[in-house]
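**Q** Here it is, the structure, as C-alpha cells.
Every number in this text was worked out from the coordinates using simple rules, so none of it is lab data. Computed from a predicted model, the values in this text were never measured in an experiment. Note that we place each Cβ from the backbone using ideal geometry, even for glycine, and neighbour counts take in every protein chain shown.
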Amino acid sequence: MRLIITVTCFVLFVAQGMDAIAQNVIPPPGFVPGQGDDVPPTPPQEPPEPRWTPPASRTFTGSSDDSTPYSYSSSGRDYDQVRSMPRAGRGGTFRQPIVPEVVLDDGPPLPRVWFRAEALYWWSKASPLPVPVVTQGNPADTTPGAIGQPGTSVLLGNQNLALPSQGGGRFTFGFSFDPDQTWGFEISYFSLATASLTQGVTSNGGLGSGLLAFPFFNPNTASEDASPIALPGAFAGTAVLSMTSFLQADDLNFLHNVVSSNGIRLDLLGGFRNVNLQDGLHFATSSPNVPPNAPAFFNTFDSFTTNNNFYGGQVGARASYDAARLFMNATGKLALGETVESVSVNGGTFTNIGGGFSSSNGGYLAQPTNMGSQSHNQFAVVPEMNLNVGLRLRPWASIIVGYSFLYISSVARPGDQIDRVINPTQASAISNNFPANLTGAARPELSVQNTSFWAQGINLALEFRF
C-alpha cells in the first residue's frame, strides 16, 4: 500500500514540473496559436526607445571618438535629437550614451621659470690688416725693403688675421607672467674668451743674414720707402705682430605667445640689445747692435685698439616643436641701432744709442699726428639666429645642442685704422732724431674706418624648467 502511494506522489510531482517547464517556453517569433505552418511569421516590433530631456542649463563635454573634443549644451532637446547629432570630425551619427560632466585632463601646468647654461665653441671673422708691416729686402736694391723693389717680399701684414676659435659661455633666464606662458620675459648674456694671435720674424744680423725692414709711403718724396729693422753686419732685428679680440653681448626681451597647439608654439619677442667687441693690434720691434759694434738696443712699439658698443631695439620670433622627449626650436632676432666706434692709437721708441737713454712718442705706425683717441656713431644692423635640438632627460631637465650666428654690420677694427703714409721727419724710429720735429705733411692721420663682423659656432646646453 505504501509503495502505491509513493509511486502516485512521484508521478504527480513529475507531471507538475513538466507543466511548469512548458509554461516557461518562449514561442518562436511570429507564432500564433491555432495557425498552420504556412502562415508567415509576424516581424518582431522594436520596443519604443525611452525619451529623455536634459535640464535646460546642463552642459556636456566629452569626445565622440576619444580624440576629438566636442560639447553639447542642452536646450530642451530630447534623446532622439541628441543621439542623431553628427560626430565631430567624422561622418555618421552619434550613437553612444551621454555621460554628463566629463572633464578632460589638461596635463601638468606649463613651467613658469627656465634657466639655461651653455658652453660655446665659436669662431669669428678674420681681422683685416691691409697694409704691409715687415718686409724682407735685398741689400743690393736701391731702397732695400721698399714695396716695389725687385728683392722685396712681405713677411707680415697685407693679410687678414684669422683668429683661432674661442670658447665661452652663455646664460639665459626666463619667466612667464601667467601659467599659460602667454606673456613673459627673457634675459641672456654671453661672452667669448679672448682670442689671440701672434706672428713674428727675426734675423740675427750676421753677415749674409736676411734684411728686415718696415715699409711705408713717404709723402715728402711721394714714393715708397723703408726703414731697416735688421741690417746684416750692423744690428739684429725681431718684429712681433699680435692681435687680440674679445666679444660679449646681452639682451632683454619680452615674449608674447601667439600660437600654441599640438606641441607647436610661436612666440613674438621685442626688447633691447647690446653687443661689445674689443680688438687690439700690437706691433713691436727690437734691433740690438751686433759685434763688433758697441752694445746698444733700439726698441719700438705701436698699439691700435678699438672698442665697439652697439645699442639698439630688437624684435624677433621663436618657433618651437615639442614631441614628448624630443624638441626643437629656432629663434631669429633683428636689432637696429648705433655702434659707438672708438679707436685709440699709441706708440713709442726707446734707445741707448749714443751713450744715453732716449725716447720719443711714436714708433713706426703710430706717430704724433695720429696718436690719441677718436670715436663716432654709426648706424648698424645686428641680426642673430639660433637653432636648437633638445632631449628632455626629466620633465624639468633637458640637454640641448645648437648653432648660433651673430652679425654686426658696422664696427671698427684696428688694422683698418692704420695709415701707411708716414712723414719720417716726425718719426724717431725712422729718422734716428731725438726729438723728431715734423716738417711737411701731417701724416699719418687718424680717421675711423668701418667694416662688418660676424661670429658663429656650436653650443652645448643644460636647461632647467620649473
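**Q** How many nm separate the modelled label positions at residue 447 and residue 204, each set 7 Å beyond the Cα in the direction of the Cβ?
**A** Here the answer is 4.6 nm between the modelled labels.
**Q** Order these by the 10 Å Cβ neighbour count, fewest first: 445, 186. Each step should come with its number before you reach the end.
**A** Numbers: 445 11, 186 21.
With the fewest neighbours first, 445, 186 line up as 445, 186.
**Q** Please arrange 398, 260 by how many other C-beta atoms lie within 10 Å of their C-beta, fewest to most.
**A** In increasing order of surrounding Cβ atoms, one gets 260, 398.
**Q** Tell me whether the range 287-374 comes out rounded, prolate or oblate; compute the Cα gyration tensor, take square roots of the eigenvalues as a ≥ b ≥ c, and use a/c under 1.5 as the rounded threshold.
**A** Verdict is oblate for the range 287-374.
**Q** Same structure, new question: Test of understanding: what is the full-extension gain from residue 119 to residue 456, defined as 0.36 nm times their sequence separation minus their Cα-Cα distance? Mind showing how you got there, number by number?
**A** Values: separation 337, 0.36 × 337 = 121.32 nm, distance 1.32 nm.
Between residue 119 and residue 456, full extension yields 120.0 nm more.
**Q** Could you sort the peptides 314-327, 424-437 by per-residue average Cβ neighbour count (10 Å cutoff), highest mean leading?
**A** Answer by packing, highest mean first, reads 424-437, 314-327.
**Q** Just add up the charged neighbours of residue 371: K/R +1, D/E -1, any other residue whose Cβ is under 11 Å from the Cβ of residue 371.
**A** The answer is -2.
**Q** Taking other Cβ within 10 Å of each residue's Cβ, how do 152, 339 sort, fewest first?
**A** Least crowded to most crowded, the residues run 152, 339.
**Q** Taking 0.36 nm per intervening residue step and subtracting the Cα-Cα distance, what contour gain separates residue 352 from residue 403 on full extension? Walk me through the numbers on the way to the answer.
**A** Numbers: separation 51, 0.36 × 51 = 18.36 nm, distance 5.45 nm.
Difference between extended and current length: 12.9 nm.
**Q** If you don't mind, there's one more thing I want to ask. Over the Cα atoms of the range 113-465, Rg to Rh with Kirkwood Rh, two decimal places? Write out the running numbers ahead of the final one.
**A** Numbers: Rg = 26.3 Å, Rh = 23.1 Å.
Rounded to two decimals, Rg/Rh equals 1.14.
**Q** Any idea which of 409, 154, 173 is furthest toward the positive side of the dipole for the range 113-465, if Lys and Arg beta-carbons carry +1 and Asp and Glu beta-carbons -1?
**A** 173
**Q** So, with +1 on the Cβ of K and R and -1 on the Cβ of D and E, and no other charges, what is the size of the charge dipole of the range 246-395 about its Cα centre, to the nearest 20 debye?
**A** Value, rounded to 20: 620 debye.
**Q** Can you give the FRET efficiency for residue 438 and residue 296, using 1/(1 + (r/R0)^6), R0 = 25 Å, r = Cβ-Cβ distance, to the nearest 0.05?
**A** So the FRET efficiency works out to roughly 0.45.
**Q** Can you check what the net charge comes to around residue 403, using other residues whose Cβ is under 12 Å from the Cβ of residue 403 (Lys, Arg +1; Asp, Glu -1)?
**A** Summing Lys/Arg as +1 and Asp/Glu as -1 gives -2.
**Q** From the backbone phi of the range 202-216, what are the Karplus-calculated ³J(HN,Hα) couplings (6.51 cos²θ - 1.76 cosθ + 1.60, θ = phi - 60°) in whole Hz, Gly and Pro given as x?
**A** 8, 9, 7, x, x, 4, x, 6, x, 9, 10, 8, 9, x, 7
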